[in-house]
Amino acid sequence: MKAYMLSSMVRIVIDTNVFVVAMRAEGGASREILRRALHGRYIPLFGNALWLEYEDVLGQPLWTQATTDGERRAVMAALASREVWISIYYGWRPNLADEGDNHLIELAIAGSAAVIITHNVADLRGGEMRWPGLHILKPSECLEKFS
C-alpha cells in the first residue's frame, strides 16, 4: 500500500516566487500548494540552488504582516521534512531568458518532477529545450491538474 501511495504522489518543484506569495497572503492557490506539500499530497523537490534562493528571500524586505519571520522559517523547516533532496550531476542548460531560472528545469529533470509551479510561466516555457511530460504551471493550474 505504501509503495502505491508514493508512486501516486506528484513530485513538484516549487519556485521561490510561489513560496513568497504563499507567505505574504493568508489564502490563495500558492498557500494551498504549500499546504498540500506539507500534508504529503505533493512531494517537493529541492536542490542546492533552490534551497539557497529560499533562504535568501527570508532576509529580503518583502514580507507582509500575514506571517512572521519565525512562521516562514517554520514552514521551510516543515518543507525540509517532506522534501526529496536532489543532487544535480548533469546541467541541461535550457537557455531560459533568465539564466537564474535554468536550475529549476535541471532540478525538475534530475528529480523526475511532473511539474514546476511558478508565477513566472512564460519565462520558464521559453527555453530552447523541451521535456515532454514536464508541466510548467501557475499554482491555480497545478491545483486543477493535480488535485
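If packing is taken as the mean number of other Cβ atoms within 10 Å per residue, what is the order of 18-31, 53-66, highest first?
18-31, 53-66
Given R₀ = 22 Å, what would the calculated FRET efficiency be for Val84 paired with His119, taking r from the Cβ atoms and rounding to 0.05?
In this case the efficiency is close to 0.45.
If r is the Cβ-Cβ distance from Gln60 to Ser147 and R0 is 41 Å, what FRET efficiency results, to the nearest 0.05?
E between Gln60 and Ser147, to the nearest 0.05, is 0.80.
Every number here is computed from the coordinates shown, using simple stated rules; none is lab data. Note that the coordinates shown come from a computational prediction; the quantities given were computed from them, not determined experimentally. We place every Cβ from the backbone using ideal geometry, glycine too, and count neighbours over all the protein chains shown.
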